[in-house]
Ligand code: PMP
């Protein structure tokens with residue numbers, strides 16, 4: 001032990017920078033420009049930048065280490081020659097072609113060698129590890145393992161050393177004696193007991209040459225465009241031939257230190273590692289004990305070093321080590337074993353499989369008669385009359401539903417995501433445990449449960465009782481009830497372990513106010529019962545040790561609808577019907593600026609321009625309910641809902657716009673405006689702005705560049721460039737940009753007139769959505785309006801996206817460009833009914849009268865009482881809650897905060913917008929403005945994972961469109977910016 005230990009404690013040789021430069025010049029022909037010291041345990045290391053730009057590492061050790069050093073060089077040479085995909089350093093030969101050479105330092109014999117410098121930061125410096133990085137770690141470790149195993153067959157076998165895991169028992173034994181009965185000493189003793197048999201098994205496992213020090217400081221990573229990936233693996237100084245699984249155990253043990261979610265992170269690494277190295281069941285089952293053994297030996301050695309005050313390597317003294325050891329020791333072993341097996345693609349342990357097979361073939365006798373399922377899931381109708389933000393309301397609605405089931409007993413399903421548990425969505429350790437584990441029995445205290453299978457009583461805890469079932473040799477499992485005690489009769493007879501409870505015999509009695517939970521366990525339930533609520537991603541893993549108990553109560557488990565919905569969409573919706581996100585979300589309810597999905601995840605809604613006054617506004621729901629309950633018909637009858645609405649709507653518009661056509665969609669409104677403009681002018685041609693979208697009907701698609709780019713620009717449509725001051729011809733600094741861009745439109749008018757085809761209309765959005773959230777420059781619309789009026793060209797303001805106060809400065813978007821802007825037609829939809837289908841086109845009496853020549857106007861649903869009642873209430877809410885003002889003030893605050901972020905994140909090229917209609921444009925290069933399209937989609941996905949919803953727009957999909965409900969608060973803005981900052985800082 002001591003000679004091996006001395007290698008850890010003795011310092012390596014010391015030399016000056018000049019010595020290093022001279023040495024490199026003489027033996028390698030390299031001229032050093034800069035020499036920098038690097039840390040090292042048994043070798044003195046220098047990073048050297050050569051005058052050629054090349055970088056190398058010079059490594060010096062006492063000659064006693066020569067054999068190990070030459071060995072290392074030989075391994076590196078073999079790896080770099082035969083496995084170029086493994087990111088290790090290439091040994092640099094001397095001028096004589098050797099991989100190292102003997103030299104004297106202060107008259108002591110030493111050994112020196114040179115290897116390539118690998119670029120990157122140690123993995124330990126990474127603040128957060130994405131799933132992608134974890135997968136890459138597994139991949140790189142797997143590639144290394146394969147390459148080392150092969151290299152090991154060629155190279156001579158290195159000597160074992162101090163850190164050799166096969167010595168772990170001896171190191172721990174020593175620590176137990178040294179630390180005596182202290183808390184640490186007891187922890188080491190427990191670790192020794194827990195790992196002894198795993199350590200004994202090492203020689204019988206598949207053997208190979210391994211790195212044996214694959215920890216977070218020996219793995220290098222590089223971050224490019226927010227992606228962090230492994231760039232190098234260093235320090236093969238501890239390579240030995242031993243059980244091949246040691247490398248993975250050492251890597252996982254190191255990752256687990258300071259990990260918020262060690263088991264999840266480990267599983268992600270194991271999954272890709274095993275694609276290269278298909279570990280067997282014994283190896284995977286020993287991973288956790290070996291991780292414990294490694295952590296314990298490093299901790300024990302660290303405290304020994306600290307006690308001897310001989311060595312100052314901070315890695316060894318980390319207080320995290322003992323915490324990590326405690327955390328690993330407290331992990332539920334059976335659970336971890338099954339999780340690791342699942343990750344490695346291996347089957348369940350054979351005992352679990354036998355029990356599961358038996359359960360699959362033998363139906364239980366239900367433990368209770370007269371039960372009925374109470375649906376407490378996020379999608380349950382039980383909560384339809386409750387505001388989803390009101391937890392007390394949700395609780396009381398559930399209680400009422402439970403009571404309404406009486407005299408039957410209400411049972412809650414296993415695996416159900418409970419609305420009561422729903423929380424803001426987060427990934428990894430932040431993923432919320434929303435899924436109920438086990439079946440909940442909402443029975444009065446004193447209700448008896450019968451045995452589902454014959455079994456033997458096991459006393460577990462004060463409120464936990466279990467029946468052990470051993471129906472045939474080799475099959476064993478437990479029925480467990482939490483929140484219950486034994487029935488008096490059973491308690492009297494059941495203390496002897498061989499007393500059998502017959503199937504159907506009452507054995508447990510519920511106690512207390514809360515529901516009892518019935519679960520199944522494949523291992524003794526004192527140690528390995530899942531928590532009451534688990535994360536959705538972990539539910540199938542927990543079921544490997546605690547299978548679905550639904551059959552014990554004669555009910556079905558909870559099954560999500562998402563998969564069925566997605567299949568059905570594939571069968572019945574057109575393939576071109578889009579969904580947000582690659583993994584679409586099954587939304588089930590919402591309130592204010594919050595969405596809730598089927599899993600109970602809550603999301604901040606920053607993308608919903610339709611829901612102007614927030615989701616499920618109680619005044620709107622009430623208005624719709626009342627009107628639908630009273631009267632809903634068509635506008636060939638007369639009723640006040642329609643006129644009340646139009647009076648209030650036209651009051652928000654300039655005086656010349658008094659006649660409203662009530663319709664059902666934005667497309668219809670634009671279609672009618674275009675048809676009318678063509679009729680009134682007797683012209684056909686239309687001028688549009690690049691990349692615009694005005695709807696899907698033939699007429700509007702033909703003036704929507706975003707649509708007709710798929711089938712060809714119609715002859716009568718003429719595009720003008722977007723007045724984009726970020727990318728366009730005239731930029732932000734140009735005070736005349738508005739007039740200059742307007743001139744381009746006027747030139748198009750005049751060219752068309754000169755060609756003998758004067759345009760009927762110019763259609764525009766007052767802030768360009770499809771064009772990429774482009775704010776119109778000052779003077780743009782007024783200049784165009786004047787020219788259009790002079791030329792008899794009509795103007796159509798498409799307010800479908802931005803009307804109703806969204807832009808803050810004015811109620812209608814076109815008004816933000818000044819009072820001279822007087823459109824002939826204003827079209828509106830989306831927010832008009834806050835999601836209830838209602839749209840309109842408003843124009844002058846003069847244009848309307850000309851159009852009367854075309855005969856009667858009537859749209860069956862247009863202006864129906866229900867949609868008018870909702871639309872009217874919507875207008876009142878915007879006014880009562882001063883939402884336009886909120887859009888103005890908080891919208892500005894939003895952009896200020898985003899501009900602060902732009903100072904820290906190069907990727908943010910531009911932040912722009914008005915009110916609550918903003919865009920964040922991501923670029924790879926702030927000068928070349930290269931669109932960061934891939935990154936933008938990734939950011940949206942990561943934001944979604946962190947519970948914030950937003951989506952890209954623009955010709956390159958590199959702009960985040962921000963158009964939240966107008967009730968969005970400063971707190972919401974702060975949450976959004978915090979999350980975006982986090983996503984950009986962490987990367988992926
Ligand atoms: N105009 C604009 C500016 C739009 O954004 C949209 C819809 N995205 C429409 C018109 C068409 O509206 P709808 O989908 O209600 O037909």
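No value in this document is a laboratory result; all are computed from the given coordinates. On a predicted model such as this, the values are computed, not experimentally measured, just so you know. Using ideal geometry, Cβ is built from the backbone for each residue, glycine included, and neighbour counts are taken over all protein chains shown.
Kindly identify the stretch 148-229 as rounded, prolate or oblate by the Cα gyration tensor criterion: order the square roots of the eigenvalues as a ≥ b ≥ c, call it rounded if a/c is under 1.5, otherwise compare a/b with b/c, prolate if a/b is larger, else oblate. Verdict is oblate for the stretch 148-229. How big is the gap, in Å, between the Cα center of the stretch 915-936 and the Cα center of the stretch 41-68? So the two Cα centres are separated by 44 Å.
Per-residue Cβ neighbour counts within 10 Å put 988, 507, 812 in the sequence 988, 812, 507, beginning with the fewest. Full extension of the chain between residue 362 and residue 204 yields a length gain of 53.0 nm, computed as 0.36 nm times the residue separation minus the alpha carbon distance. Summary value for the stretch 910-977: 32 percent relative contact order, contacts being C-alpha pairs under 8 angstrom separated by 6+ residues.
Calculated FRET efficiency, residue 150 and residue 537, Cβ-Cβ r, R0 25 Å, to nearest 0.05? Don't jump to the answer; show the numbers that get you there.
Numbers: r = 36 Å, r/R0 = 1.43.
Calculated value: 0.10.
In terms of the mean number of neighbouring beta-carbon atoms within 10 Å, the peptides 17-30, 816-829 order highest first as 816-829, 17-30. Full extension of the chain between residue 679 and residue 197 gives 164.5 nm of extra length, using 0.36 nm per residue less the Cα-Cα distance.
Remark: spin-label model distance residue 567-residue 323 equals 4.6 nm, labels positioned 7 Å along the Cα→Cβ axis. How would you classify the stretch 595-693 from its alpha-carbon gyration tensor, with a ≥ b ≥ c the square roots of the eigenvalues: rounded for a/c under 1.5, else prolate if a/b is greater than b/c, otherwise oblate? Because a/c hits 1.5 or more and a/b fails to exceed b/c, the stretch 595-693 counts as oblate. Residues in the stretch 449-467 near a label at residue 499, defined as backbone nitrogen under 16 Å from the 7 Å Cα→Cβ point? Answer for the stretch 449-467: 451, 455-460, 465-467.
Given a Förster radius of 45 Å and the C-beta distance between residue 634 and residue 941 as r, what FRET efficiency does 1/(1 + (r/R0)^6) yield to the nearest 0.05? The computed FRET efficiency comes out at 0.50. Distance from the C-alpha centroid of the stretch 636-667 to that of the stretch 330-380: 60 Å, rounded to the whole angstrom.
Give me 383, 916 ranked fewest to most by other Cβ atoms within 10 Å of their Cβ, as a rough exposure proxy. Don't jump to the answer; show the numbers that get you there.
Details: 383 24, 916 29.
Placing the least packed residue first, the sequence is 383, 916.
Defining a contact as two alpha carbons under 8 Å apart and six or more residues distant in sequence, what relative contact order in percent does the chain show?
In percent, rounded to a whole number, it is 9.
Principal-axis analysis of the Cα atoms of the chain puts helix 262-276 at an angle of about 80° to the longest axis.
Exposure proxy check: 616, 246 ranked by fewest other beta carbons within 10 Å?
616, 246
Taking a point 7 Å out from the Cα of residue 472 in the direction of its Cβ, the residues of the stretch 316-357 whose backbone N falls within less than 19 Å of it are 349-357.
Place a label point 7 angstrom from the Cα of residue 49 along the Cα-to-Cβ direction, then list the residues of the stretch 75-115 whose backbone nitrogen is under 20 Å away. Answer for this model: 115. Taking square-rooted eigenvalues a ≥ b ≥ c of the alpha carbon gyration tensor, is the chain rounded, prolate or oblate, where a/c under 1.5 means rounded and, failing that, a/b exceeding b/c means prolate? Verdict is oblate for the chain. The mean sequence separation of alpha-carbon pairs under 8 Å and at least six residues apart, normalised by the residue count of the stretch 227-345, gives a relative contact order of 33 percent. Relative to the longest principal axis of the Cα atoms of the chain, helix 183-201 runs at roughly 80 degrees.
Computed on the Cα atoms alone, the convex hull of the stretch 448-598 gives a volume of 174 cubic angstrom per residue. Note on residue 98 and residue 420: the model spin-label points, each 7 Å out from Cα along the C-beta direction, lie 7.7 nm apart.
Roughly what angle does helix 333-343 make with the longest principal axis of the chain, taking Cα atoms, 0 to 90 degrees, to the nearest 10? Taking the Cα atoms of the chain, the angle to 333-343 is about 60 degrees. The stretch 168-220 and the stretch 556-593 have Cα centres lying 49 Å from one another.
Mind checking the full-extension length gain between residue 930 and residue 892? Use 0.36 nm per residue of separation minus the Cα-Cα distance, one decimal, nm.
Once the chain is fully extended between residue 930 and residue 892, it gains 11.0 nm.
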